[in-house]
1. Name the single residue that is nearest to GLU387 (Cα to Cα) among those in the range 267-281 being in a loop (DSSP other than H, G, I, E, B) and of a type outside the set (A, V, I, L, M, F, W, C).
2. Give me the residue from the range 182-196 that is among the aliphatic types (A, V, I, L, M) and either under 17 Å from ARG235 (Cα atoms) or outside the structural domain of PHE7 (by TED's automatic domain parsing) (or both) and, out of that set, farthest from the ligand (Cβ to nearest atom).
3. Looking at ASN257, ASN233, ASN240, which one is modelled with pLDDT of 95 or more, within 27 Å of the chain's Cα centre (by Cα) and over 26 Å from LEU177 (Cα atoms)?
4. Which ones in the range 22-39 are surrounded by fewer than 15 Cβ atoms within 10 Å (Cβ to Cβ) and part of a helix (DSSP H, G or I)?
5. Test each condition in (1) of a type outside the set (Gly, Ala, Ser); (2) within 30 Å of LYS124 (Cα to Cα); (3) outside any helix (DSSP H, G or I) for LEU65 and report the one that comes out false.
6. Restricting to the range 96-108, what's the tally of residues that are under 17 Å from the mean Cα position of the chain (by Cα) and more than 14 Å from the ligand (Cβ to nearest atom)?
7. How many residues are more than 17 Å from VAL80 (Cβ to Cβ), away from the ligand (no atom under 13 Å from the Cβ) and buried (at least 22 other Cβ atoms within 10 Å of the Cβ) if we restrict to the range 171-181?
Amino acid sequence: MPGFEIFGDEERKQVNDVLESGVLMRYGFDGMRNNHWKAKEFETAFAKRMDAEFCQLVSSGTAALTVALASAGIGAGDEVIMPTFTFVASFESILALGAVPVLVDIDSTLTLDPTAVEAAITSKTKCIMPVHMCGSMADLDALKAISTKHNLILLEDACQALGGTYKGKPLGSYGDLGCFSFDYVKTITCGEGGAIITNNARYAVHSDQYQDHGHDHIGKDRGAETHPFLGYNFRISELNAAVGIAQLGKLDAILNNQKKNYTILREALATIPEVTFRSVPKGGEENHSFLSFFLPTEQLTKKAHKALAEAGVDACFYWYTNNWHYINGWEHLKNLKSLGNVAIEVKNQLQDLNNTNFSKSDAVMSRTISSLIKIGWTEKQVHDRAEAMKKTIAAVL
Ligand SMILES: *Cc1c(COP(=O)(O)O)cnc(C)c1O
């Protein structure tokens with residue numbers, strides 16, 4: 001996920017536009033700002049690229065998830081179904097609103113298992129939040145059918161899958177709401193930033209107001225604006241948005257490059273009969289930011305992961321024992337460790353995560369290795385890496 005690999009003159013020029021006026025804020029100061037509205041400009045361009053009617057930029061991907069949930073009216077005690085394999089932002093955003101994360105198994109797509117989702121629905125469920133991990137997607141048709149049947153909101157976390165598509169539609173644009181991150185290691189970056197896309201005009205207005213203290217954004221005098229409801233500050237700055245405009249212009253080149261490098265690595269590993277690849281739902285096209293594959297057993301996978309590091313093949317991840325991305329590492333969530341009291345609804349309704357059976361997820365994650373795809377690799381480096389991966393993995397089998 002390499003936006004930072006190609007930071008250059010385009011980003012510098014955009015940032016300089018902002019620095020020349022000194023107006024770092026996205027709202028107001030009309031007379032001073034030389035007519036730059038970088039956040040607005042990025043929102044318009046991103047909505048267009050993502051085939052969505054509305055885009056709201058915010059300060060991070062975590063903020064995007066929080067604002068998206070809030071905009072759909074999710075609050076204390078509402079249950080949100082999320083996967084066991086994701087980034088901690090999934091449950092952080094849910095808990096921030098006093099809502100309750102309900103963790104369910106993943107399958108060989110490395111995303112939500114639709115059968116497990118349906119089994120987890122209760123009268124308190126409000127939202128299904130698939131997370132398109134490592135560049136590929138959940139079975140969106142199946143999840144859409146479930147959310148329609150039970151009248152739930154479908155919120156796509158596409159933070160790791162920008163540019164991937166499902167049945168010809170950009171990931172993030174299929175559900176009721178889609179969220180993106182532009183943090184420093186994502187496909188495109190603006191330092192810190194995030195976005196929400198939607199075709200729902202009500203959610204769009206709610207997002208716009210919620211992320212800026214509930215301001216109604218009517219008229220030209222910020223001080224005179226009213227507050228239809230309580231909000232918070234999740235605003236992006238003009239400096240960050242400026243970088244995002246330049247990076248968005250590079251997205252298609254990034255995606256092409258990732259696909260080329262991914263394909264070389266995949267073809268090499270496909271020659272090993274014991275290696276299989278994550279499944280991609282029919283009609284899906286990955287963004288190729290990672291190549292994820294399975295080995296036959298947990299023991300062989302651990303051995304292969306260690307051997308890859310020893311052979312100097314960097315950026316191969318074994319998420320099963322990693323602190324950030326899998327339930328195994330989330331002691332703080334399992335034991336609800338927080339600085340202050342947590343919402344009573346969360347305390348009462350949260351699963352006993354120390355004793356919930358996630359053996360189906362374990363069976364997949366314990367056999368998964370993901371190789372990051374960089375765009376800075378030369379053709380020779382990619383081929384050398386492919387050979388090294390093939391040789392090292394074959395040797396442990
Ligand atoms: C990065 C990421 C986020 C959060 O993004 P930040 O901008 O770092 O807050 C959320 N979900 C997933 C899947 C991510 O990878």
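The values are calculated or read from the model by the stated rules, or taken from the named source; none is laboratory data. Bear in mind the structure is a predicted one, so any value in this text is a computation, not a measurement. Reconstructed Cβ throughout: ideal geometry from the backbone, glycine too, with neighbour counts over all protein chains shown.
1. Ranking the candidates gives THR271 first.
2. Narrowing the range 182-196 to residues among the aliphatic types (A, V, I, L, M): 185, 188, 195-196.
Now restrict to residues that are either under 17 Å from ARG235 (Cα atoms) or outside the structural domain of PHE7 (by TED's automatic domain parsing) (or both): 195-196.
Details: ALA195: 10, ILE196: 12 Å.
Filtering the range 182-196 for residues that are among the aliphatic types (A, V, I, L, M) and either under 17 Å from ARG235 (Cα atoms) or outside the structural domain of PHE7 (by TED's automatic domain parsing) (or both), the one farthest from the ligand (Cβ to nearest atom) comes out as ILE196.
3. Numbers: ASN233 fails: over 26 Å from LEU177 (Cα atoms); ASN240 fails: over 26 Å from LEU177 (Cα atoms).
Result of the check over ASN257, ASN233, ASN240: ASN257.
4. ASP30, GLY31, MET32
5. Here LEU65 clears every test but (3).
6. The number of residues fulfilling the criteria is 1.
7. Residues flagged as more than 17 Å from VAL80 (Cβ to Cβ), away from the ligand (no atom under 13 Å from the Cβ) and buried (at least 22 other Cβ atoms within 10 Å of the Cβ) within the range 171-181 amount to 1.
Okay, residues lined up against (1) closer than 20 Å to THR276 by Cβ; (2) free of Cβ contacts under 8 Å to residues at least 40 places away in the same chain; (3) in a loop (DSSP other than H, G, I, E, B):
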site: HIS305; (1), (2), (3): yes, no, no
site: ASN328; (1), (2), (3): no, yes, no
site: HIS332; (1), (2), (3): no, yes, no
site: VAL342; (1), (2), (3): no, no, yes
site: ASP362; (1), (2), (3): yes, no, no
